[in-house]
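K.L.:
I am attaching a structure below and will ask some questions about it afterwards.
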Amino acid sequence: MWVGLLFLILMIERTEAHPTYIRLGYASCTGCHMSSQGGGLLTPYGQGIATTQSLISSEPSEDEGEKKYIQAFQGRVLRLQEVEETRTFPMQMDYLAQYKISENLRVEGILAVAPKPKDVAPEDAKPAHKRLYARSLLLSWVNKQQRMSLGISSLPIGLGLIDHTSYVRANNRNQVTDLPLLIKHYFESLKFQSHTFLYAANPNEEKGNQENGVGSQIWFKPIRHIALGFQGLSGNSPSIKRDLVGFLLKAGYGKFSYLAEVDRTWREIKEDKTEFRQWTWYQQLSFYPAEFLHLFTSWQGLEKDRAFLSRESRIALGAEIRLTKNLTFSFEDRVRKTGSINDEIKLFQLYLNWW
Amino acid sequence: MFLLFFISSVFAGFSEVSFVANTNMPGVSVEGKSQKMVFAGSLENVKGATLKFDVFELETGMEARDKHLREKVFKAKNKGDAFISFEAKDLVCASNKCELMGVLTIKDKAREIKLPVEMSSNKKSLAGKATIALSQYDLPRPSFMGVQVEDNVEVTFKTME
């Protein structure tokens, strides 16, 4: 069993978005990732970069042959240490695949196992195969500068942060549980990238959450090492109407990078016409003392007014080490401030990936 | 994967040469720099001045990329195997805008080049940009896992005495 586990660890590779790589000249995600939104399956170039950027690195072999079918497995184990309790659980188990139908046409998907809900008794918990769901299923037409995709996927907004609990993701319904049916267009040039999308409610979504809408995210790179982003979204569900605008920034040079996102949301509860506004923001400063080691600090906040009055902020310090091309370990110490209450959370994460 | 450089100085002061090589992938470019050129001469009279550095002194921010640059582009396995040098022949100026002429040698291939530069009024600093074609120096366009560098490489330099 241990030999099997060791084999799995050595064969597995982390494939997540690295918006901080703007420090090395990577302005967009498509050099390393199959998806224009980043994360997920890696391109051969992305696999090569991942292979060389580890503590135990190696020289990737150049495979001249083009593969029609590519696949990967991603897993993540999380140990969450709070004042009241400590839990260790599988946070993520995904199977990712892409089939190239022709030179410009591909179909890609992610089959995921939803984590077990925290408060469900073991005897009531559903087995893994009953928690399977399609996190993404897209048919895409792709050429060098443009892509048009149709299917189920998360909305292409935000910085591409890994942490789904960050306020700019969780509180903006950004790539967490919202998986609408969408049609999206992606354009990319040396100084400009854009996603424009129309979306409709996924039938599997709860009735009250079934949202339809339209949105766009635009990145502009006025000078090297700085990318400015703007995003907007207008959504309409049976219970809530919302409009979001946001500003994003990616900057970096050498061993340092800085990420920032600020979003303003206006919501209206249709039943009683209650309106409320929300600010979410995030910033992160990163330092890479070595290619395989990422040290970071982040500071983020959430503010809602009126009926939902709340103000929270979170400060974190963390480190991430890519041990091998297959295995990444990260540690993060977060302090959340809600009013006058501070609570601390420690997160230990092990990322595994195989292709 | 890429290169280039040149001009800098000098007895003391700051100098930096950097390059940017775009690739066949829109979001991917390769950048690098060198701060270790040896200069013989003066900015007061650049004619005859020479600049030289070892390709082992080029850094792109990734060790593997640096290694590929040295081994695949310059075919240099050890320090001292390949140099890049520039010998200034003339500098023609109109106000602070000048044109620098000289011979750029990359490994064994030498070519005369002209490039626009800006000289400070006190002749203590010089800055400029140039586009160098790899093919003109018989250098391969490096590629890595399907991403290939374009032939033209933008080079920027600045130097202060």
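The values are calculated or read from the model by the stated rules, or taken from the named source; none is laboratory data. Just so we're clear, the structure is a prediction, and the values are computed from it rather than from any experiment. Counting neighbours? That spans all protein chains shown, and the Cβs are built from the backbone with ideal geometry, glycine included. Quick note on the areas: whole protein, heavy atoms, side chains included, nothing else; ligands and nucleic acids left out. Shrake-Rupley method; radii C 1.70, N 1.55, O 1.52, S 1.80 Å.
K.L.:
Test of understanding: among A:SER54, A:SER102, A:SER58, which residue is away from chain B (no Cβ under 14 Å) and small (Gly, Ala, Ser)? Break it down into steps so the answer makes sense when it comes.
P.N.:
Numbers: A:SER54 fails: away from chain B (no Cβ under 14 Å); A:SER58 fails: away from chain B (no Cβ under 14 Å).
From the options A:SER54, A:SER102, A:SER58, the qualifying one is A:SER102.
K.L.:
Kindly check whether there is at least one residue in the stretch A:84-93 that is out of contact with any Ser or Thr (no Cβ under 7 Å at 6 or more places or on another chain), open to solvent by 70 Å² or more (accessible area, probe 1.4 Å) and within 14 Å of chain B (Cβ to nearest Cβ).
P.N.:
There is no residue in the stretch A:84-93 that is out of contact with any Ser or Thr (no Cβ under 7 Å at 6 or more places or on another chain), open to solvent by 70 Å² or more (accessible area, probe 1.4 Å) and within 14 Å of chain B (Cβ to nearest Cβ).
K.L.:
Determine, yes or no, whether A:LEU132 is out of contact with any Lys or Arg (no Cβ under 8 Å at 6 or more places or on another chain), open to solvent by 60 Å² or more (accessible area, probe 1.4 Å) and over 20 Å from A:GLN37 (Cβ atoms).
P.N.:
yes
K.L.:
Give the residue that is modelled with the lowest pLDDT, with candidates limited to residues of the stretch A:15-28 that are part of a loop (DSSP other than H, G, I, E, B) and more than 7 Å from chain B (Cβ to nearest Cβ).
P.N.:
A:THR15
K.L.:
Take the residues in the stretch A:55-83 that are over 22 Å from A:VAL142 (Cα atoms) and open to solvent by less than 50 Å² (accessible area, probe 1.4 Å), then tell me which one is farthest from the chain's Cα centre (by Cα).
P.N.:
Looking at the filtered set, the residue picked out is A:PRO60.
K.L.:
Another question about this same structure. For the stretch A:61-83, how many residues meet the condition of being of a type in the set (Gly, Ala, Ser) and more than 12 Å from every other protein chain (Cβ to nearest Cβ)? Let's see the steps before the verdict.
P.N.:
Restricting attention to the stretch A:61-83, the residues satisfying the condition of being of a type in the set (Gly, Ala, Ser) are A:61, A:65, A:72, A:75.
Going one step further and asking which of them are more than 12 Å from every other protein chain (Cβ to nearest Cβ), we end up with A:72, A:75.
Here the count works out to 2.
K.L.:
Among A:TYR99, A:TYR186, which is the only one that is in contact (Cβ under 8 Å) with a residue 40 or more places away in the chain and farther than 22 Å from A:ASN209 by Cα?
P.N.:
After ruling out the rest, the residue left standing is A:TYR186.
K.L.:
Working only within the stretch B:93-110, note down all residues that are more than 21 Å from B:GLU44 (Cα to Cα), surrounded by 13 or more Cβ atoms within 10 Å (Cβ to Cβ) and touching a residue at least 24 places away in the same chain (Cβ under 8 Å).
P.N.:
Within the stretch B:93-110, B:ILE106, B:LYS107 qualify.
K.L.:
Looking at B:ALA88, B:ALA82, which is the one that is of a type in the set (A, V, I, L, M, F, W, C), within 22 Å of B:ARG141 (Cα to Cα) and more than 11 Å from chain A (Cβ to nearest Cβ)?
P.N.:
Working: B:ALA88 fails: within 22 Å of B:ARG141 (Cα to Cα).
Answer to the check: B:ALA82.
K.L.:
Let me ask something else. Identify, please: which residue in the stretch B:140-151 is within 13 Å of chain A (Cβ to nearest Cβ) and of a type outside the set (A, V, I, L, M) and is, among those, most open to solvent (accessible area, probe 1.4 Å)? If you could, list the steps in order and put the result at the bottom.
P.N.:
First, pick out the residues of the stretch B:140-151 that are within 13 Å of chain A (Cβ to nearest Cβ): B:142-150.
Of the ones still in play, those that are also of a type outside the set (A, V, I, L, M) are B:142-144, B:146, B:148, B:150.
Details: B:PRO142: 13, B:SER143: 53, B:PHE144: 8, B:GLY146: 57, B:GLN148: 62, B:GLU150: 78 Å².
The selected residue is B:GLU150.
K.L.:
May I ask you to list pairs of residues, at least six apart or on different chains, whose Cβ atoms are under 8 Å apart, with the first in the stretch A:133-146 being within 14 Å of chain B (Cβ to nearest Cβ) and the second being among the aromatic types (Phe, Trp, Tyr)?
P.N.:
A:GLN145/A:PHE187; A:GLN146/A:TYR186; A:GLN146/A:PHE187
K.L.:
Quick one: A:ASN204 ticks every box in (1) part of a strand (DSSP E or B); (2) over 21 Å from A:TRP219 (Cα atoms) bar one, so which box is it?
P.N.:
If we test A:ASN204 against (1) part of a strand (DSSP E or B); (2) over 21 Å from A:TRP219 (Cα atoms), just (1) comes out false.
K.L.:
List the number of the failed condition for B:ASN45; all other conditions in (1) touching a Lys or Arg at 6+ places or on another chain (Cβ under 6 Å); (2) modelled with pLDDT under 90; (3) more than 23 Å from B:ARG141 (Cβ to Cβ) hold.
P.N.:
Evaluating B:ASN45 over (1) touching a Lys or Arg at 6+ places or on another chain (Cβ under 6 Å); (2) modelled with pLDDT under 90; (3) more than 23 Å from B:ARG141 (Cβ to Cβ) leaves (1) as the failure.
K.L.:
Can you tell me which residue is nearest to the other protein chains (Cβ to nearest Cβ) among those in the stretch B:50-77 that are surrounded by fewer than 22 Cβ atoms within 10 Å (Cβ to Cβ) and farther than 21 Å from A:THR52 by Cβ?
P.N.:
Ranking the candidates gives B:PHE53 first.
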